[in-house]
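Student: This structure is in structure tokens; I'll ask about it shortly.
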Amino acid sequence: MSLERLHALRTALHVHNRRYYVEDQPTISDAEFDSLLRELQALEDQYPEVFDPNSPTQRVGGAVVKSFETVAHKRPMLSLSNSYNAQEVAEFVQRAQTSAGEALSWSAELKYDGVAISLWYEDRQLVRALTRGDGVKGDDVSVNIRTLQGIPLTLPEDAPNELEVRGEVIYTHEAFEALNARREAEGQEPFANPRNAASGTLKMQDSAEVAKRGLSAIMYAVFSEDHAFSRHDEAIRAIQQWGFPIPDRQKRWVETCNSLADLENFLAYWDKERQHLPFMIDGAVLKIESTALQQRLGNTAKSPRWAIAYKFNAETACTHLHEVVYQVGRTGAITPVAVLDPVWLSGTVVKRASIHNSDQIAKLDLHFGDAVWVEKGGEIIPKITGVELGQRAQDALPVNFISHCPDCGTALERRKGEAQHYCPNAKECPPQIKGRIEHFVHRRAMDVEGMGAETVDQLVQLGMVHQPSDLYAMTALDWSRLDKFKTKSIQNAMEGLAGSKVIPFERVLFALGIRHVGETVAKKLAKYFGTMEALSKATTETIENVGDIGPMIAQSLLAYFSEDENRLEIDELRQHGLQMTFQAAEGTSDVLKGKSFVISGVFSHFTRDGIKAAVEQNGGKIASSVSGKTDYLLAGEGVGPSKRAKAEALGVQWLTEEVFRTWIGSTN
């Protein structure tokens, strides 16, 4: 009887979830719902053998994952071609009309600014939720998607057995502001924008925290081997009946358009009204309604021929400059930031904007109290673009760039040929120390688990860490001095540091934070010189012999290794067991040494990043565009026509994936 009650509760709660979150017609109170959920949880604790990942109790999260599995998409998640004005839209519509040979009906809809997601259902149960990734493979974030109240975990009987639904995971403005208010109350840095917050939240390891963060979703694409749809709007209405959140037609988030004029009206309306939406968008999407025509027109290697994205011009707003504050980066670079009277812009309240450097301050002729024009570059980062000189007060004081570091008081320097000022006090300036440590422990560098920005903040404030080697000298007693650090936190930090000792030399080199030495440069230097000792003794000439390494990087390396403190730090890290010798990855060779490759198209046996890595691991070089110096165009399916034409004109050799695999000995 108890098991029957358990299954009945699961069914009932799924129905109540749908009525509340999708139909907006709840039939029981929140208290009654919570009571049923608690009863279900108690029964599931009593009968763990009937665990169901799609149970309503999984909405609150609780699972912790160390990493997310990478899974190939059933169908590639292509990106859309972009258009930026009415003429480009008209040309696209005309091309589609000509190709179709008949009058077209269009779906015009908003382009939501969040994280693309693909939901897989089998036997009407949610089995996977993948991020877009590189379009060929994505990360399985099912454990976190199950916490979103609007996503159905099971489908009704009239839904097909196999179904893929795609959409966008987003933050509403209300949920985003609530999240940032909570973070600030807890002493954490607020998120810069809803898109980054959504992406970061979906990749969190603790699903219980994801459940608290208020993510939403809107679905806009449907695929099924078991159910055919003749039109896009038919498919969207069907998934609405099955419990999915879809664009609101009554609010004109989506419209059916039968002419270019209809499309232009939709775009013109949202160009003006987008600031009143409850979430951020980054344009609109225009797609042919007929699924038969979609299939007939097909796709290029990168994007469908039956749909296009339209990008609105950046929104601007006028507000007043209150003051200018100066931020210090990990390399000592000083960045001026304008503090503004709050203004609504692109769906968020903007209080700060970048001014870049002293030259930009002079170019704008900024004065305190100025009425300034602000826009979001790429709809993300606010920047000042102009000043309303007619509104300037006669006694307004000019903004003069600072002469000393705002944190440590050291006189600033400006190096010849560079736009930014720098604080030269690298060893004692707190923000520089903090920035270097955060860079060192970052997952793309030493990947030290259990050490976030808040932990680094405490270490620097307490004076316990000045350089990366100090981390490895810390004892359990040292870690216990940190706020909220108990047995488990201490164990995680120490195990994370111990695990970082197997990180390869090229990432150790990147982790040191030497100016101008990014990941790619670090790989080239590590492979060329082989050891840290050899690199530290290199001359300008030998460094510049490394492919694509110029005098600026060479001078930065010489300056770094010329300082006694830096050489002592490297010795300390070596004694703590960090890797200082390059080890060739398994399967590497020099068979492609000296050859330059341009990559285009989609490949069967490699992801985009994977085939680039294969070229580099076997001695080849990657170039972004075809030129007279290119040796091979490594071509997958759907090669870009411009690259193909240029390669043929320049006599660049065409190389297929299969021949490439034979060359590098990867034919299994």
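Student: Between Glu572, Glu616, which is assigned to a helix (DSSP H, G or I), within 18 Å of Phe505 (Cβ to Cβ), acidic (Asp, Glu) and in contact with a strand residue (DSSP E or B) (Cβ under 9 Å, 6 or more places away or on another chain)?
Tutor: Values: Glu572 fails: in contact with a strand residue (DSSP E or B) (Cβ under 9 Å, 6 or more places away or on another chain).
From the options Glu572, Glu616, the qualifying one is Glu616.
Student: Which residues, taken from the range 494-523, are in contact (Cβ under 8 Å) with a residue 60 or more places away in the chain, not hydrophobic (A, V, I, L, M, F, W, C) and not in a helix (DSSP H, G or I)?
Tutor: Restricting attention to the range 494-523, the residues satisfying the condition of being in contact (Cβ under 8 Å) with a residue 60 or more places away in the chain are 500-508, 510-513, 515, 519, 523.
Restricting the remaining residues to those that are not hydrophobic (A, V, I, L, M, F, W, C) gives 500-501, 504, 506-507, 513, 515, 519, 523.
Correct list: Pro504, Gly513, Arg515.
Student: Next question, about the same structure. Within the range 268-314, work out how many residues are under 30 Å from Val349 (Cβ atoms) and β-branched (Val, Ile, Thr). So that I can check it myself, show each step before the final result.
Tutor: Just the residues of the range 268-314 that are under 30 Å from Val349 (Cβ atoms), to begin with: 268-285, 309-314.
Of the ones still in play, those that are also β-branched (Val, Ile, Thr) are 281, 285.
Final tally of qualifying residues: 2.
Student: Could you check how many residues of the range 568-610 are in contact (Cβ under 8 Å) with a residue 60 or more places away in the chain and among the acidic types (Asp, Glu)?
Tutor: Counting residues in the range 568-610 that are in contact (Cβ under 8 Å) with a residue 60 or more places away in the chain and among the acidic types (Asp, Glu) gives 3.
Student: Looking at this structure, is Phe401 buried (at least 16 other Cβ atoms within 10 Å of the Cβ) and either assigned to a strand (DSSP E or B) or modelled with pLDDT under 90 (or both)?
Tutor: On the way: buried (at least 16 other Cβ atoms within 10 Å of the Cβ): yes; either assigned to a strand (DSSP E or B) or modelled with pLDDT under 90 (or both): no.
Here the answer is no, as Phe401 does not meet what is asked.
Student: From the list Glu264, Glu289, Glu225, Glu273, exactly one residue is buried (at least 19 other Cβ atoms within 10 Å of the Cβ), out of contact with any Leu (no Cβ under 7 Å at 6 or more places or on another chain) and charged (D, E, K, R). Which is it? Break it down stepwise before answering.
Tutor: Values: Glu264 fails: buried (at least 19 other Cβ atoms within 10 Å of the Cβ); Glu225 fails: buried (at least 19 other Cβ atoms within 10 Å of the Cβ); Glu273 fails: buried (at least 19 other Cβ atoms within 10 Å of the Cβ).
The unique qualifying residue is Glu289.
Student: While we're looking at this one, here's another question. Can you tell me which residue in the range 423-463 is nearest to the chain's Cα centre (by Cα), limited to those that are under 24 Å from Ala559 (Cα atoms) and of a type in the set (Val, Ile, Thr)?
Tutor: Filtering the range 423-463 for residues that are under 24 Å from Ala559 (Cα atoms) and of a type in the set (Val, Ile, Thr), the one nearest to the chain's Cα centre (by Cα) comes out as Val441.
Table: residues versus (1) touching a helix residue (DSSP H, G or I) at 6+ places or on another chain (Cβ under 8 Å); (2) of a type in the set (Lys, Arg); (3) on the phi > 0 side of the Ramachandran plot.
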site: Val337; (1), (2), (3): no, no, no
site: Leu340; (1), (2), (3): no, no, no
site: Val350; (1), (2), (3): no, no, no
site: Ser358; (1), (2), (3): no, no, no
site: Leu364; (1), (2), (3): no, no, no
site: Pro382; (1), (2), (3): no, no, no
site: Val399; (1), (2), (3): yes, no, no
site: Cys405; (1), (2), (3): no, no, no
site: Arg415; (1), (2), (3): no, yes, no
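Student: Could you pull out the residue among Ile549, Ile611, Ile543 that is of a type in the set (A, V, I, L, M, F, W, C) and in a loop (DSSP other than H, G, I, E, B)? Even if it seems obvious, please write down each step before you answer.
Tutor: Numbers: Ile611 fails: in a loop (DSSP other than H, G, I, E, B); Ile543 fails: in a loop (DSSP other than H, G, I, E, B).
Only one candidate passes the filter, namely Ile549.
Student: For the range 168-181, indicate whether the set of residues that are in the same structural domain as Ile218 (by TED's automatic domain parsing), closer than 26 Å to Ser79 by Cα and among the aliphatic types (A, V, I, L, M) is non-empty.
Tutor: yes
Student: In addition: Just checking, does the range 636-645 include any residue being of a type in the set (A, V, I, L, M), buried (at least 18 other Cβ atoms within 10 Å of the Cβ) and touching a strand residue (DSSP E or B) at 6+ places or on another chain (Cβ under 9 Å)?
Tutor: Of all residues in the range 636-645, those of a type in the set (A, V, I, L, M) come to 639, 645.
Then keep just the ones that are buried (at least 18 other Cβ atoms within 10 Å of the Cβ); that gives 639.
Right, trim to touching a strand residue (DSSP E or B) at 6+ places or on another chain (Cβ under 9 Å) and you get 639.
Yes, there is a match, as at least one residue in the range 636-645 is of a type in the set (A, V, I, L, M), buried (at least 18 other Cβ atoms within 10 Å of the Cβ) and touching a strand residue (DSSP E or B) at 6+ places or on another chain (Cβ under 9 Å).
Student: Report yes if Leu153 is modelled with pLDDT of 90 or more, more than 25 Å from the chain's Cα centre (by Cα) and either crowded, with 21+ Cβ neighbours inside 10 Å or aromatic (Phe, Trp, Tyr) (or both), otherwise no.
Tutor: Working: modelled with pLDDT of 90 or more: yes; more than 25 Å from the chain's Cα centre (by Cα): yes; either crowded, with 21+ Cβ neighbours inside 10 Å or aromatic (Phe, Trp, Tyr) (or both): yes.
Considered against the rule, which asks whether it is modelled with pLDDT of 90 or more, more than 25 Å from the chain's Cα centre (by Cα) and either crowded, with 21+ Cβ neighbours inside 10 Å or aromatic (Phe, Trp, Tyr) (or both), Leu153 comes out as yes.
Student: Here's something else I'd like to know. Residue check: is Phe92 in contact (Cβ under 8 Å) with a residue 24 or more places away in the chain, among the hydrophobic types (A, V, I, L, M, F, W, C) and not assigned by TED's automatic domain parsing to the domain that holds Phe191? Lay out the reasoning, then the answer.
Tutor: Values: in contact (Cβ under 8 Å) with a residue 24 or more places away in the chain: yes; among the hydrophobic types (A, V, I, L, M, F, W, C): yes; not assigned by TED's automatic domain parsing to the domain that holds Phe191: no.
So Phe92 fails the test.
Student: Test Ala309 against the stated conditions and say whether it is in a strand (DSSP E or B), in contact (Cβ under 8 Å) with a residue 12 or more places away in the chain and in contact with a strand residue (DSSP E or B) (Cβ under 9 Å, 6 or more places away or on another chain). Give the steps one after another, and end with the answer.
Tutor: Numbers: in a strand (DSSP E or B): yes; in contact (Cβ under 8 Å) with a residue 12 or more places away in the chain: yes; in contact with a strand residue (DSSP E or B) (Cβ under 9 Å, 6 or more places away or on another chain): yes.
Yes, satisfied.
Student: Test Ala317 against the criterion of being assigned to a strand (DSSP E or B) and modelled with pLDDT of 90 or more, and give yes or no.
Tutor: Values: assigned to a strand (DSSP E or B): yes; modelled with pLDDT of 90 or more: no.
Against the criterion (assigned to a strand (DSSP E or B) and modelled with pLDDT of 90 or more), Ala317 does not qualify.
Student: Restricting to the range 582-604, name every residue that is surrounded by 14 or more Cβ atoms within 10 Å (Cβ to Cβ) and either among the hydroxyl-bearing types (Ser, Thr, Tyr) or touching a Phe, Trp or Tyr at 6+ places or on another chain (Cβ under 8 Å) (or both). Explain how you work it out, then say what you get.
Tutor: Narrowing the range 582-604 to residues surrounded by 14 or more Cβ atoms within 10 Å (Cβ to Cβ): 582, 588, 592, 595-603.
Matches in the range 582-604: Phe582, Thr588, Leu592, Lys595, Ser596, Phe597, Val598, Ser600.
Student: Taking helices (runs of 4 or more DSSP H) that fall entirely within the range 432-482, which contain at least 3 residues that are over 14 Å from Glu569 (Cβ atoms)? Walk me through how you get there before you give the answer.
Tutor: Numbers: elements: 453-461, 468-473, 476-479.
Per the criteria, 453-461, 476-479.
Student: Where residues in the range 171-203 are surrounded by 18 or more Cβ atoms within 10 Å (Cβ to Cβ) and either outside any helix (DSSP H, G or I) or among the β-branched types (Val, Ile, Thr) (or both), which of them is modelled with the highest pLDDT?
Tutor: Of everything passing the filter in the range 171-203, Tyr171 is modelled with the highest pLDDT.
Student: Working only within the range 406-430, note down all residues that are among the polar types (S, T, N, Q) and either modelled with pLDDT of 95 or more or farther than 20 Å from Gly513 by Cβ (or both).
Tutor: Within the range 406-430, the subset among the polar types (S, T, N, Q) is 410, 420, 425.
Passing the criteria: only Thr410.
The values are calculated or read from the model by the stated rules, or taken from the named source; none is laboratory data. Treat the numbers as computed from the prediction; the structure is a model and nothing was measured. As a convention, Cβ positions derive from the backbone with ideal geometry for all residues, glycine included, and neighbour counts pool all protein chains shown.
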